[in-house]
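Peer 1: Questions regarding the structure given below will be posed in turn.
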Protein chains: 2
Amino acid sequence: MRKVGIGIDIGGTNTQIGFVDEDGKVFLETTMSTLLGETFEEYLEELYNVIETAKAESKEKFDIIGIGVGAPNGNFYKGTIEFAPNLKWKGVIEVTKLMTEKFGIPAVLTNDANAAAIGEMMFGGAKGMNNFIIITLGTGLGSGIVVNGELVYGHDGFAGELGHVIVEKGGRVCGCGRRGCLETYASATGIRRTAFEVIADRNQETLLSSLSYDDITSFKIYEAAQNGDHIAREIFRETGRYLGEALADFVANGSPEAIFLFGGLANAGDLILEPTEKYMEENLLHIFKNKVKLQISQLNEGDAAVVGAAALAWKEFNV
Amino acid sequence: MRKVGIGIDIGGTNTQIGFVDEDGKVFLETTMSTLLGETFEEYLEELYNVIETAKAESKEKFDIIGIGVGAPNGNFYKGTIEFAPNLKWKGVIEVTKLMTEKFGIPAVLTNDANAAAIGEMMFGGAKGMNNFIIITLGTGLGSGIVVNGELVYGHDGFAGELGHVIVEKGGRVCGCGRRGCLETYASATGIRRTAFEVIADRNQETLLSSLSYDDITSFKIYEAAQNGDHIAREIFRETGRYLGEALADFVANGSPEAIFLFGGLANAGDLILEPTEKYMEENLLHIFKNKVKLQISQLNEGDAAVVGAAALAWKEFNV
């Protein structure tokens, strides 16, 4: 029997499921709609059936140590999803309690960025590191912080909201109701906003001038930059400047060994890494200069969320 | 025999020494000049004599569990003081190694703000707390961060430099060579600088207008505010605004249960606490609002450094 943890990543639209062994290898990977059923209990019934079907159809037999769940607004301490704006279940959902009752095995939950941090620590570039940060650059900016070998959950389970430190007083409007949050600059959405500002400011020829706000994406900016478009490169530099300056402050706080960039924008590789590193180093307090490794995550983006969620199960239940 | 840890606080001019029991009560408190001797070894010889003399002259007998040292630029991991600008010993000093050799008992070292954090946790307002921050508002701004019940030292032992996060891009010149660091606004020095800016900006009648930059102190600004001086109150509000905004970002990072203010400026009580809390709450991400306790440290300023240093010994050696 192959010993695995079940990793479940609950997104607004889709739920990804995978059985993950202790080397981070994924088996029986599958997907279902998060929108199935009216209530969370009904969704859970569907989830149970999907997993049982996958097990039944597999030639291999599995010894399941537990379930790890990654979800937006996931609270590790309580095992709940709380008031998640992008999920259809409202209020507080007792996820791990209901899952354990349904599946008869232990379950643990955290938010997606924390799951990525644990995935990086167990199976990625942070193996053996006790102090590091992972920054997830998706629609917003998430973060998972590891200190003394442990995830930082804080007093209430919601620590690590680095996307919502204020990097520009009175700056861009953020979905959280405030202005100037880091994620309004450094994220897939942030780079679109920067693109429009830079294009407007420079008023020069660029491959991007034919694109509407609806059409411009971080990938299209990436393509233009790869084709030598100066404005597109400037957009990445600006994005890296905001991110690098913020990272310098995070270093003064926790002095991590490494910072990993993960997700959409991190796929731009050196285009985002180089300016971020330049501005981080320029803004570091002297004692921290040339010490912090800034790297692209070694997790495979396709299954990182499932692997990270399963890593949490491995960490908690592999005794 | 009374079981104690020896707490030693090494300052630029004076070294404070105290024997501290497990309730934080201080015995045989004494002081010597940090300037004695040419080398650290010679200083250590003097320190040894001071401690042996105090022990010999005491009627009480002590069972010493170990030595805890608080010092600027103290590195917990290595037990060294490294390149401390305010101490006369240059380069890297192997403090704990030399002390253990001289005294024949174990020694441990950290910087002064981290020592204060451990003191607050063992003997002050942070008893039973696993996630909190202490901010020391002296000539500069120091900080000690506790996460999951442990001090945050980071990868290199120098984490917790919250005085050097940038709160105003291109802002005030800082001793670290950069601009806009928090400690240039929120510290005993910072409030003097704010005083001069506010006085210059308002050009109104104030009790402070007769004071030169050499003469103005946080205590004189405090006295003026207590006497109803509007400009002095405005100076505290401005200081609290910078500090409160920065604290809101620290909360997004580690979500602490409480933040303690300690040292010179914290003695102003509500004059600094109220604006700091107001601006912190105004700038918090909604999920953190009305959760974080902002308090004045419960350590007695007179012996807090010694008590904090001894607390470290208690923490490390009381097995």
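The values are calculated or read from the model by the stated rules, or taken from the named source; none is laboratory data. Because the structure is a prediction, the values reported are computed rather than measured. Note that each Cβ is placed from the backbone with ideal geometry, even for glycine, and that neighbours are counted across all protein chains shown.
Peer 1: Determine if region A:273-282 includes at least one residue that is outside any helix (DSSP H, G or I) and touching a residue at least 12 places away in the same chain (Cβ under 8 Å).
Peer 2: Scanning region A:273-282 turns up no residue that is outside any helix (DSSP H, G or I) and touching a residue at least 12 places away in the same chain (Cβ under 8 Å).
Peer 1: Does B:PHE236 count as touching a helix residue (DSSP H, G or I) at 6+ places or on another chain (Cβ under 6 Å), outside the structural domain of B:LEU28 (by TED's automatic domain parsing), outside any helix (DSSP H, G or I) and modelled with pLDDT of 95 or more?
Peer 2: For B:PHE236, the condition - touching a helix residue (DSSP H, G or I) at 6+ places or on another chain (Cβ under 6 Å), outside the structural domain of B:LEU28 (by TED's automatic domain parsing), outside any helix (DSSP H, G or I) and modelled with pLDDT of 95 or more - is not met.
Peer 1: Taking the condition of being surrounded by 13 or more Cβ atoms within 10 Å (Cβ to Cβ) and either among the basic types (Lys, Arg) or at positive phi (or both), how many residues in region B:203-241 meet it?
Peer 2: So the answer is 4.
Peer 1: While we're on this one: Among the numbered criteria (1) touching a Phe, Trp or Tyr at 6+ places or on another chain (Cβ under 6 Å); (2) under 21 Å from A:VAL4 (Cα atoms); (3) not aromatic (Phe, Trp, Tyr), which one does A:LEU36 miss?
Peer 2: (2)
Peer 1: Still on this structure, please answer the following. Scan region A:163-191 for residues that are under 20 Å from A:PHE76 (Cα atoms) and either more than 10 Å from every other protein chain (Cβ to nearest Cβ) or free of Cβ contacts under 8 Å to residues at least 24 places away in the same chain (or both) and jot them down.
Peer 2: A:HIS164
Peer 1: Now for a different question. Show me the helices (runs of 4 or more DSSP H) entirely contained within region B:29-124 in which 1 or more residues are closer than 30 Å to A:SER255 by Cα, out of contact with any Leu (no Cβ under 9 Å at 6 or more places or on another chain) and not hydrophobic (A, V, I, L, M, F, W, C).
Peer 2: Qualifying helices (runs of 4 or more DSSP H): B:95-103, B:112-123.
Peer 1: Which is touching a residue at least 24 places away in the same chain (Cβ under 8 Å) and within 9 Å of chain A (Cβ to nearest Cβ), of B:GLY160, B:GLY138, B:GLY142?
Peer 2: The conditions single out B:GLY160.
Peer 1: Something else about it: Among the listed residues B:GLY171, B:GLY228, which satisfies the condition of being more than 30 Å from A:ARG241 (Cα to Cα) and in a loop (DSSP other than H, G, I, E, B)?
Peer 2: Of B:GLY171, B:GLY228, the one residue that is more than 30 Å from A:ARG241 (Cα to Cα) and in a loop (DSSP other than H, G, I, E, B) is B:GLY228.
Peer 1: Restricting attention to region A:127-185, report how many residues are farther than 24 Å from B:GLY149 by Cα and of a type in the set (S, T, N, Q).
Peer 2: Total meeting the criteria: 3.
Peer 1: Given the criteria in contact with a helix residue (DSSP H, G or I) (Cβ under 9 Å, 6 or more places away or on another chain), on the phi < 0 side of the Ramachandran plot and among the acidic types (Asp, Glu), does A:GLU257 qualify?
Peer 2: Judged against the criteria, A:GLU257 is not a match.
Peer 1: Additional query: I need a count of the residues in region B:292-302 that are within 13 Å of chain A (Cβ to nearest Cβ) and either surrounded by 17 or more Cβ atoms within 10 Å (Cβ to Cβ) or in a helix (DSSP H, G or I) (or both).
Peer 2: 1
Peer 1: Is it the case that some residue within region A:266-282 is closer than 22 Å to B:GLY170 by Cα, touching a helix residue (DSSP H, G or I) at 6+ places or on another chain (Cβ under 8 Å) and within 9 Å of chain B (Cβ to nearest Cβ)?
Peer 2: no
Peer 1: I would also like to ask the following. Select from region A:122-139 the residues that are surrounded by fewer than 24 Cβ atoms within 10 Å (Cβ to Cβ) and within 14 Å of the chain's Cα centre (by Cα) and write down the one among them that is farthest from A:ALA268 (Cα to Cα).
Peer 2: Across region A:122-139, the extreme among qualifying residues is A:THR139.
Peer 1: Just wondering, is there one or more residues in region B:25-47 that are among the charged types (D, E, K, R) and under 22 Å from B:ALA113 (Cα atoms)?
Peer 2: Scanning region B:25-47, I find at least one residue that is among the charged types (D, E, K, R) and under 22 Å from B:ALA113 (Cα atoms), so the answer is yes.
Peer 1: Considering only residues that are under 24 Å from B:LYS88 (Cα atoms) and among the small types (Gly, Ala, Ser), which ones fall in region B:21-74?
Peer 2: Of everything in region B:21-74, those that are under 24 Å from B:LYS88 (Cα atoms) and among the small types (Gly, Ala, Ser) turn out to be B:SER33, B:GLY37, B:GLY68, B:GLY70, B:ALA71, B:GLY74.
Peer 1: I need a count of the residues in region B:1-15 that are among the polar types (S, T, N, Q) and assigned to a strand (DSSP E or B).
Peer 2: Going through region B:1-15 one residue at a time, the tally reaches 2.
Peer 1: Looking at region A:300-310, which of its residues are under 18 Å from A:ALA71 (Cα atoms) and either modelled with pLDDT under 95 or within 13 Å of the chain's Cα centre (by Cα) (or both)?
Peer 2: Once the filter is applied, which keeps residues that are under 18 Å from A:ALA71 (Cα atoms) and either modelled with pLDDT under 95 or within 13 Å of the chain's Cα centre (by Cα) (or both), region A:300-310 yields A:GLU301, A:GLY302, A:ASP303, A:ALA304, A:ALA305, A:VAL306, A:VAL307, A:GLY308, A:ALA309.
Peer 1: Here is a further query. Tell me, yes or no, whether region A:272-282 has at least one residue that is closer than 17 Å to A:ALA117 by Cα, at pLDDT 95 or above, assigned by TED's automatic domain parsing to the domain that holds A:GLY160 and aromatic (Phe, Trp, Tyr).
Peer 2: no
Peer 1: Looking for something touching a residue at least 24 places away in the same chain (Cβ under 8 Å), out of contact with any strand residue (DSSP E or B) (no Cβ under 7 Å at 6 or more places or on another chain) and not basic (Lys, Arg) - is there at least one such residue anywhere in region A:105-116?
Peer 2: no
Peer 1: Now, a different point. Pick from A:LEU285, A:LEU247, A:LEU261: which is surrounded by 24 or more Cβ atoms within 10 Å (Cβ to Cβ), within 14 Å of chain B (Cβ to nearest Cβ) and not hydroxyl-bearing (Ser, Thr, Tyr)?
Peer 2: A:LEU247
Peer 1: May I pose another question? Does region B:146-154 include one or more residues that are closer than 26 Å to A:GLU281 by Cα, facing chain A (nearest Cβ under 8 Å) and acidic (Asp, Glu)?
Peer 2: No, region B:146-154 has no match at all.
Peer 1: Within the set of pairs 6+ apart or on separate chains, which have a first residue in region A:23-37 that is closer than 22 Å to A:GLU120 by Cα, a second that is hydrophobic (A, V, I, L, M, F, W, C) and assigned to a loop (DSSP other than H, G, I, E, B), and C-beta atoms under 9 Å apart?
Peer 2: Correct list of pairs: A:GLY24/A:LEU299.
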